[in-house]
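Structure, as structure tokens:
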């Protein structure tokens with residue numbers, strides 16, 4: 001598994017990943033509900049949509065908008081198992097470990113915090 005600093009350095013060089021930003025509705029959602037609530041949503045999304053060894057609709061399970069976590073997942077390459085394998089070195093075909101889930105959530109939190117200006 002790659003170090004989060006190494007992953008974020010690579011993400012900063014990706015034209016595709018750099019283009020993601022929270023739009024006003026998503027920024028307002030984050031502000032109104034707070035980081036703790038939004039991260040609890042992130043944890044649930046990861047458990048349901050990313051953690052299984054073979055997630056349903058893998059590669060298409062994460063929308064591009066309508067929730068700050070979805071945008072963060074695309075920006076941080078935590079949107080599908082293929083991206084996790086490419087960017088984080090977390091192989092497909094096995095359930096995510098507790099440590100791997102923590103890395104995913106840390107990446108999402110880091111990106112959301114930067115977007116929120118905190």
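Each value in this text was obtained by applying a stated rule to the coordinates, not by laboratory testing. Please read these numbers as outputs of a predicted model, since none were measured by experiment. Quick reminder, even Gly has a Cβ in these numbers, built from the backbone with ideal geometry, and neighbours come from all protein chains shown.
Report the extension gain between residue 98 and residue 1 in nm, rounded to one decimal, defined as 0.36 nm multiplied by the number of residues separating them, less their alpha carbon distance.
Working it through step by step, the gained length comes to 33.6 nm.
Note on segment 21-45 and segment 63-118: Cα centroid distance 14 Å, given to the nearest whole angstrom.
In the chain, the DSSP-assigned H stretches of four residues or longer account for a calculated mean residue ellipticity at 222 nm of -15500 deg cm²/dmol, using -39500 (n - 2.57) per stretch and the full residue count as denominator. When only Cα pairs below 8 angstrom with a gap of at least 6 residues are kept, the chain shows a relative contact order of 33 percent.
For each of 11, 50, count neighbouring Cβ atoms within 10 Å of the residue's Cβ, then give the residues from fewest to most.
Working: 11 18, 50 23.
With the sparsest Cβ surroundings first, the list reads 11, 50.
Take the Cβ atoms of residue 23 and residue 57, set R0 to 30 Å, and the FRET efficiency comes out at 0.80. As a rough footprinting exposure proxy, the listed residues 2, 60 were ranked by other beta carbons within 10 Å of their own, and the order from fewest upward is 60, 2. Enter the angle in degrees (range 0 to 90, nearest 10) between the Cα long axis of helix 4-13 and the first principal axis of the Cα atoms of the chain, meaning the one along which they spread out most. That works out to roughly 70 degrees. If I fit a long axis through the Cα atoms of helix 98-116 and take the longest principal axis of the Cα atoms of the chain, what angle between them do I get, 0 to 90°, rounded to 10? Tilt of helix 98-116: around 30 degrees.
Here 96, 39, 4, 112 are placed in order of increasing Cβ neighbour count within 10 Å, fewest first, which gives 4, 39, 96, 112. Each principal axis of the Cα cloud of the chain was taken in turn, and the coordinate range along them, longest first, works out to 36, 29, 23 Å.
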